[in-house]
Amino acid sequence: MNNKVKTILATIENKSTVLPATKQIQQVEKAAQGIIDEKMKENQIMEKEISEYDSFIEKLKDNQISLVADKNISAILTTPLLTIDAPSRNILQSQEDPTKTYLTLNQSMVNGYLKAINTDGAEKLNMSQTTYDKSKKYLETTKEKIDTALLAYNDGPILAQAPCTDCSDTQ
């Protein structure tokens, strides 16, 4: 049996463990609730200060910038939705990125058509001059858009690398 077949068999026989990331989701929920609770307490303190109008006005006289503090809060909380054992994660991470593959394939096709258009004239390609010009313009525009998309493309991992904390057989 050759190595490729052995690799496929080993992959098929691998007992993969994919579980909901309940603990991680609960941790993020707890962190979010902590932020909300903290801001609620700050708002209650501010509301109490404002409700005591006379003392509030006195504080304003002493501190002119207290009304300028327009605080916004921004927080990014991330968590995986699933936990995956190491062998399964490695298989998933080694897969091609479908978006990049799609863009690269289309880039190759458009470049090939554009090469044919630029190499051969309208007559050799059995086109009218108008069709030839429109086709060339379309392909050039499409090439530019694909090239721009590939330049802007974030070539990150398909699968986030979160550890499998609940998996019994992690490696």
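The table for this structure:
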| quantity | calculated |
| --- | --- |
| Under Karplus coefficients 6.51, -1.76 and 1.60, residue-wise ³J(HN,Hα) of region 40-49 in Hz, glycine/proline x | 5, 5, 4, 5, 5, 4, 5, 4, 5, 4 |
| Relative contact order of region 18-84, pairs being alpha-carbon contacts under 8 Å that are 6 or more residues apart, as % | 74 |
| Mean ellipticity per residue at 222 nm, deg cm²/dmol - from DSSP H runs of n ≥ 4 across the chain, formula -39500 (n - 2.57) | -20500 deg cm²/dmol |
| Qualifying lysines (Cα of each under 16 Å from Cα of Lys71; at least 8 residues distant if same chain) | Lys39, Lys41 |
| Residues in region 28-56 reached by a label modelled at Lys71 [backbone nitrogen below 13 Å; 7 Å Cα→Cβ] | 35-47 |
| Spin-label model distance (nm) - Met109 vs Glu29, 7 Å beyond Cα toward Cβ | 4.5 |
| In degrees, nearest ten, helix 129-152 long axis to first principal axis of the chain (Cα) | 40 |
| Relative contact order computed over the chain (Cα-Cα under 8 Å; 6+ residues apart), in percent | 35 |
| FRET efficiency, 1/(1 + (r/R0)^6) with R0 22 Å, evaluated for Ile12 and Glu96 via beta carbons | 0.65 |
| 0 to 90° range, to nearest 10: angle between helix 98-119 axis and the chain longest Cα axis | 40 |
| Nonlocal amide H pairs with Leu82, under 5 Å, H built at 1.01 Å | Ala21 |
| The chain - charge dipole about Cα centre, Lys and Arg +1 at Cβ, Asp and Glu -1, debye rounded to 20 | 940 |
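Bear in mind these aren't lab numbers, they're just calculated from the coordinates by the rules spelled out. It should be emphasised that the depicted structure is a prediction, and the values quoted were computed from it without experimental measurement. Ideal geometry is used to build each Cβ from the backbone, glycine not excepted, and the neighbour counts take in all protein chains shown.
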